[in-house]
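Quick notes on the structure that follows.
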């Protein structure tokens with residue numbers, strides 16, 4: 001055997017090892033799903049990736065194109081996925097009330113801005129005040145959920161079911177059943193785009209949220225604590241972590257995420273419809289966490305994977321809309337894709353695939369020896 | 001200890017619910033002069049339509065008008081039926097029902113008939129024998145669609161490329177409003193559907209659907225949205241792409257339901273047409289109770305508003 005052949009073999013082995021490593025990475029599934037969607041669109045219609053600089057009706061420059069649309073509309077989902085990942089990790093369950101809680105947050109924003117008149121000429125307070133109040137209220141509702149889960153030890157899905165059923169009525173009650181509309185264009189900046197900046201604002205808000213959570217995870221013990229509580233809460237208590245406090249805290253953080261997402265949602269249209277705003281978004285948020293390959297039973301988590309999961313979901317939705325899939329069939333298509341992705345990213349399947357791969361590699365090695 | 005807490009908590013929830021239910025149907029006894037009506041409606045938060053409908057009911061069935069009204073709200077059929085049974089026990093004179101679902105009402109309506117209670121359906125019909133109710137007051141959704149499509153046809157465009165945004169599939173409003181457009185598109189050569197998708201009454205989904213069409217570069221000149229919220233979402237997408245819409249502009253915008261803010265858009269010339277879905281059934285019911293029913297099915301009069309002819313009076317009178 002010549003040296004060059006040996007080199008080649010070595011290279012091959014290291015390459016396959018590299019591939020194996022890649023596949024084992026948690027990020028692999030969401031990234032692969034994203035790549036498949038990108039490839040599919042590239043083959044079907046390359047113009048999918050065209051981005052154009054145009055003007056909106058106010059004469060301000062805006063970038064448009066499917067990619068921008070996807071990144072724009074996935075913003076709320078990505079922000080929710082951040083909070084949902086933490087809650088999932090620490091409590092081993094999911095918050096199904098985020099959609100209803102977003103309706104509440106949005107309703108609070110509008111109530112504060114409108115005052116008693118649902119159709120104000122001018123906003124009553126500055127937007128930042130309204131936003132901060134919404135954050136506070138949303139944190140309280142998060143704390144309510146967190147309290148039920150952490151201190152009363154109620155299953156998260158059951159505990160949040162309360163707010164899930166009551167939330168939209170509470171949202172309507174906050175505005176006395178009226179449908180406020182804000183005519184001041186500056187309120188719409190946060191859900192659309194700021195004049196002069198061609199990218200939609202939600203993208204920036206989502207990026208800011210991601211940076212904040214990255215910094216928090218880097219410089220605090222949040223990751224370690226929530227993971228250890230999720231893996232084994234009694235042993236983490238023995239190690240001096242207060243599991244109830246950690247669980248409670250993750251729900252409050254999710255509350256903040258909900259407020260930000262709800263704020264973007266109402267800003268997009270400058271109004272609210274209590275029964276349909278952010279409808280079914282809780283399922284998409286949980287899905288984003290699952291797509292990221294995170295165990296829904298709690299424990300270790302990968303924040304990046306969850307966020308990419310959120311973008312995959314929006315990518316899928318936009319792709320289906322683009323190809324004019326029959327409107328009644330969209331959920332079915334989505335379900336099929338989701339089943340495949342979730343099954344592939346399930347820990348058991350990954351383990352099985354790992355052993356299968358090892359077996360294959362071993363049998364190959366054996367064959368090689370026999371020939372020699 | 002934990003068990004005790006959880007039992008207490010459960011008891012508290014049950015108690016709250018029970019109190020809540022009682023509160024809905026509590027009413028003072030005020031002699032025999034008043035006509036006792038039990039009103040079963042959908043949750044007023046459901047939509048602007050429902051809010052207007054509920055307010056209209058409350059404004060009409062007052063003590064001053066000679067009524068003693070009790071209200072029960074639910075979006076669930078079983079809960080509505082349970083409320084109806086309760087009203088029958090309370091011996092109301094009239095039972096007014098806007099049913100959440102179309103089936104399952106037979107036995108409770110028979111009970112009502114045996115008890116001598118007259119039933120009037122409003123807004124929604126149910127699958128039950130006609131003899132079981134006095135009258136039903138409904139909107140004709142198919143006619144709403146036809147009126148809108150006829151108006152659109154009267155615009156005499158050389159070509160109609162329509163983005164059709166549908167409501168929740170299978171709802172009576174969606175079936176009626178889609179049916180008229182589908183029939184026209186099938187009949188005429190110059191009517192084309194650019195895309196036909198459901199936004200489930202949701203403004204943001206509508207925005208995404210229109211955005212997808214704009215991104216694909218296909219041309220269109222009509223947006224047919226089956227409610228105002230979705231039309232608003234669609235317009236948002238148009239504004240983003242600098243596509244002009246409204247009276248004398250590139251794209252014709254059609255909405256339904258006549259929300260006040262939507263009629264104001266019409267008045268400003270930003271939209272072209274809005275079809276009414278009349279939520280004001282109370283006066284019809286009042287008439288039937290006081291003068292008797294003349295026919296089984298009463299179809300309410302419904303208008304369509306054209307942006308070129310709408311006035312501020314219309315906005316104030318018909319906006320919900």
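Rule-based calculations on the coordinates, nothing more; no lab input. None of these values were measured; they are calculated from a predicted model. Every residue, glycine among them, receives a Cβ derived from its backbone with ideal geometry; neighbour counts consider all protein chains shown.
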Handout entry: Ordering of A:294-307, A:103-116 by burial proxy (mean other Cβ atoms within 10 Å per residue, highest first)
Key = A:103-116, A:294-307
Practice task
Grab every C-alpha pair in segment A:239-372, bin the distances at 5 angstrom width from 0 up to the longest one, and report whole percents.
Solution key: 2, 8, 11, 15, 15, 14, 11, 8, 6, 4, 3, 2, 1, 1, 0
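Need the full-extension length gain, residue B:8 to residue B:127, defined as separation in residues times 0.36 nm minus the C-alpha distance. One decimal, nm. Intermediate values should be presented prior to the final figure.
On the way: separation 119, 0.36 × 119 = 42.84 nm, distance 4.24 nm.
Contour length minus Cα-Cα distance gives 38.6 nm.
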Problem - Dimensions (Å) - segment B:26-133, Cα atoms, principal axes, largest first - result: 36, 35, 21
Fill in the blank from the handout: In Å, the C-alpha Rg and Dmax of the protein assembly as shown are 28.6, 110
Exercise for the section: Using a/c under 1.5 as the rounded threshold, could you call segment A:303-355 rounded, prolate or oblate? The axes a ≥ b ≥ c are square roots of the C-alpha gyration tensor eigenvalues, and prolate needs a/b larger than b/c, oblate otherwise. Expected result: oblate
Practice task
When a/c is below 1.5 the answer is rounded, else prolate if a/b is larger than b/c, else oblate, so apply that to segment A:164-252 with a ≥ b ≥ c taken from the square roots of the Cα gyration tensor eigenvalues.
Solution key: oblate
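Divide by every residue of chain B the summed helix terms, -39500 (n - 2.57) for each DSSP H run of at least 4, and state the resulting mean residue ellipticity at 222 nm, rounded to the nearest 500 deg cm²/dmol. Numbers along the way, then the final one.
Working: 11 runs with 140 residues, N = 320.
Value at 222 nm, helices only: -14000 deg cm²/dmol.
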Practice task
Please give the average number of partner chain Cβ atoms lying within 10 Å of the Cβ of each residue in B:207-220, rounded to a whole number.
Solution key: 5
Problem - Over segment B:156-301, volume per residue of the alpha carbon convex hull, in Å³ - result: 135 Å³
Exercise for the section: Can you tell me which of B:202-213, B:102-113, B:243-254 comes out highest on packing, and rank the rest after it, using the mean Cβ neighbours within 10 Å? Expected result: B:202-213, B:243-254, B:102-113
Practice task
Could you sort B:267-276, A:184-193 so that the peptide with the highest average Cβ count within 10 Å comes first and the rest follow in order?
Solution key: B:267-276, A:184-193
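For chain A, what does the helix formula give at 222 nm: sum of -39500 (n - 2.57) over DSSP H segments with n ≥ 4, over the residue count, nearest 500 deg cm²/dmol?
Values: 15 runs with 258 residues, N = 372.
Here the helix-only value at 222 nm equals -23500 deg cm²/dmol.
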Handout entry: Cα-based Rg / Dmax (Å) for segment A:69-179
Key = 15.4, 47
Completion exercise
Shape call for chain A, from the Cα gyration tensor axes a ≥ b ≥ c (a/c under 1.5 means rounded, otherwise prolate when a/b beats b/c, else oblate), comes out oblate
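What does the convex hull of the Cα atoms of chain B come to per residue, in Å³, rounded to a whole number? Kindly include the intermediate steps, with their values, before the conclusion.
On the way: hull volume 56.2 nm³, N = 320.
Spread over its residues, the Cα hull of chain B gives 176 Å³ apiece.
For B:50-60, what's the mean count of beta carbons from other chains sitting within 10 Å of each residue's beta carbon?
On the way: counts 2, 5, 0, 0, 1, 1, 0, 0, 0, 0, 0.
Mean inter-chain Cβ contacts per residue within 10 Å come to 1.
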Fill in the blank from the handout: Square roots of five times the C-alpha gyration tensor eigenvalues of segment B:219-320, ordered largest first and given in whole Å, equal 33, 13, 10
Completion exercise
Averaged over the residues of B:235-241, the number of partner chain Cβ atoms within 10 Å of each residue's own Cβ comes to 5
Exercise for the section: Give the calculated FRET efficiency between residue A:50 and residue A:242 to the nearest 0.05, with a Förster radius of 51 Å applied to their Cβ-Cβ distance. Expected result: 0.45
